[in-house]
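Asker: Have a look at this one.
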Amino acid sequence: MATAMALAGERRSVVVLEAESRLAAHQSGNNSGVIHAGLYYKPGSLKARNCVAGREAMYRFCAEHDIRAERCGKLVVATEERELPRLDELEHRGRANGLEGIERLGPEAIREREPYAAGVAGLWVPQTGIVDYGAVTRAMADVVRRSGGEIQTGARVHGCRPLPDGILLESARGETMCRVLVNCAGLQSDRVARRCGVDPRVSIVPFRGEYYALVPARRALVRNLIYPVPDPAFPFLGVHFTRTPAGTVEAGPNAVLALEREGYRAADVSLRDLADMARFPGFWRMCAQNWRTGLAEMYRSASASAFVQALRKLVPAVERADVRYLRAGVRAQAVAADGALLDDFHVVESPRAVHVLNAPSPAATASITIGRTIADAVRRQLDD
């Protein structure tokens, strides 16, 4: 939607084909709702460049459109001595990415920020914030419509036919001819690319992320956001606590392999999606490389007590009775043929099309700047 907003603002003819009956039904509406500061990302990477600029663009957009966004800050906690070198690296990356006001904290300073948190050391990151990305998406859609753009819901694309002067899309709402296609299909992005005759060289593997919520009587355990030190081997940040703009406190998400691309429950299974995974050699290499972590995630998904045990590393006072299952989201994770989980944004251009094939966190934070970058690629194709 951010790309459509960038293009519609130039009075271009823009049509958005939304597969579902409502906006933000998948990743945009089922994430942690965090405006990331730019702490985690390798300096100079697409993630780092887009996050730092995108963060401020997101705060401005929310202010202009009366969307509640709080710059509340985040605490990253090292719970074991062996995590300290990784915490050092995070601090270095944050400063290299231009973050101001980062504070290194000891155990007592951690408790001053978050009285119930525990750790041997921590980082305070003041630029981090919270927002409802569903509300952001709907506000962007309003901008698109006011600028003359069209948004069709219930328009799942099932066919793409490249033609000399553009691409003909076949959807549940009929045919749409476009001079340039922007493929931001998330969990279906690799399939849309293949329908356009493009080999994406990656396959989307779905990872379900489950969220719990603290019961109202225990919300005081968390003031703002509490994160672990992430494992650098994975593009996931680990289960964490997030206070939402509504005042609730969410805990999660984990990252367990989903058996359906849009499977929000453990029981959801798609034979087509399973067959696609089984045919992709990179899937089996990914499993071989990460089977221990995969089993641990499956256990935490099956056992709420195990999930809570992971949370207790950050806030030891949390008990099983303090949380209730809330919801799940599904990440569209691009996996390469060698089994590697792509960590950075991955955009592929082909004649008359731009395909966004990997948009992991902080894609929501950076959506406005990413949208402008994709819009630049569209302009180049239109000008050729």
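The values are calculated or read from the model by the stated rules, or taken from the named source; none is laboratory data. Worth saying up front: this structure is predicted, and the values here are computed from it rather than measured. Counting neighbours? That spans all protein chains shown, and the Cβs are built from the backbone with ideal geometry, glycine included.
Asker: Name the residue that is farthest from Pro228 (Cα to Cα), counting only residues in the range 42-80 that are part of a loop (DSSP other than H, G, I, E, B) and of a type in the set (Lys, Arg).
Answerer: Pass one, the range 42-80, residues part of a loop (DSSP other than H, G, I, E, B): 42-45, 65-69, 71-73, 79-80.
Then drop every residue that is not of a type in the set (Lys, Arg), which leaves 42, 68, 71.
Working: Lys42: 18, Arg68: 26, Arg71: 19 Å.
Filtering the range 42-80 for residues that are part of a loop (DSSP other than H, G, I, E, B) and of a type in the set (Lys, Arg), the one farthest from Pro228 (Cα to Cα) comes out as Arg68.
Asker: Which condition from (1) under 25 Å from the mean Cα position of the chain (by Cα); (2) at pLDDT below 95; (3) not charged (D, E, K, R) is the one that Pro164 breaks?
Answerer: The single condition Pro164 does not satisfy is (1).
Asker: Out of curiosity, is Ala4 not in a helix (DSSP H, G or I) and not charged (D, E, K, R)?
Answerer: No; evaluated as a whole, the condition is false for this residue.
Asker: While we're looking at this one, here's another question. Give the range 231-243 a look and list any residue that's more than 15 Å from the chain's Cα centre (by Cα) and surrounded by fewer than 18 Cβ atoms within 10 Å (Cβ to Cβ), or say none. Can you show your working first?
Answerer: We begin by selecting, within the range 231-243, every residue more than 15 Å from the chain's Cα centre (by Cα); these are 231-233, 241, 243.
Residues satisfying the conditions are Asp231, Pro232, Ala233.
Asker: Let me ask something else. Of the residues Glu70, Glu112, Glu56, Glu89, which is of a type in the set (D, E, K, R), within 23 Å of the chain's Cα centre (by Cα) and under 15 Å from Arg223 (Cα atoms)? Show your work before the answer.
Answerer: Details: Glu112 fails: within 23 Å of the chain's Cα centre (by Cα); Glu56 fails: under 15 Å from Arg223 (Cα atoms); Glu89 fails: under 15 Å from Arg223 (Cα atoms).
Going through Glu70, Glu112, Glu56, Glu89 in turn, the sole match is Glu70.
Asker: Turning to a different aspect of this structure: Please specify each residue of the range 336-354 satisfying the condition of being surrounded by fewer than 23 Cβ atoms within 10 Å (Cβ to Cβ), in contact (Cβ under 8 Å) with a residue 60 or more places away in the chain and not hydroxyl-bearing (Ser, Thr, Tyr).
Answerer: Correct list: Ala336, Ala337, Leu341, Leu342, Asp343, Asp344, Phe345, His346, Val348, Pro351, Arg352, Val354.
Asker: Further, regarding this structure: If a residue has to be over 15 Å from Asn30 (Cα atoms) and not hydroxyl-bearing (Ser, Thr, Tyr) to count, how many in the range 259-271 make the cut?
Answerer: 7
Asker: When you go through Ala275, Ala220, Ala246 one by one, which is the residue that is in a loop (DSSP other than H, G, I, E, B), surrounded by fewer than 20 Cβ atoms within 10 Å (Cβ to Cβ) and either more than 17 Å from the chain's Cα centre (by Cα) or polar (S, T, N, Q) (or both)?
Answerer: Ala246
Asker: Still on this structure, I have one more. Among the numbered criteria (1) closer than 30 Å to Asp165 by Cβ; (2) within 16 Å of the chain's Cα centre (by Cα); (3) among the acidic types (Asp, Glu), which single criterion is violated by Glu262?
Answerer: (1)
Asker: Can you find, within the range 166-182, the residue that is surrounded by the most Cβ atoms within 10 Å (Cβ to Cβ) among those that are out of contact with any Lys or Arg (no Cβ under 7 Å at 6 or more places or on another chain) and farther than 18 Å from Val198 by Cβ?
Answerer: My answer is Thr176.
Asker: Now for a separate question. Is it true that some residue in the range 265-273 is over 30 Å from Lys74 (Cα atoms) and touching a residue at least 12 places away in the same chain (Cβ under 8 Å)?
Answerer: yes
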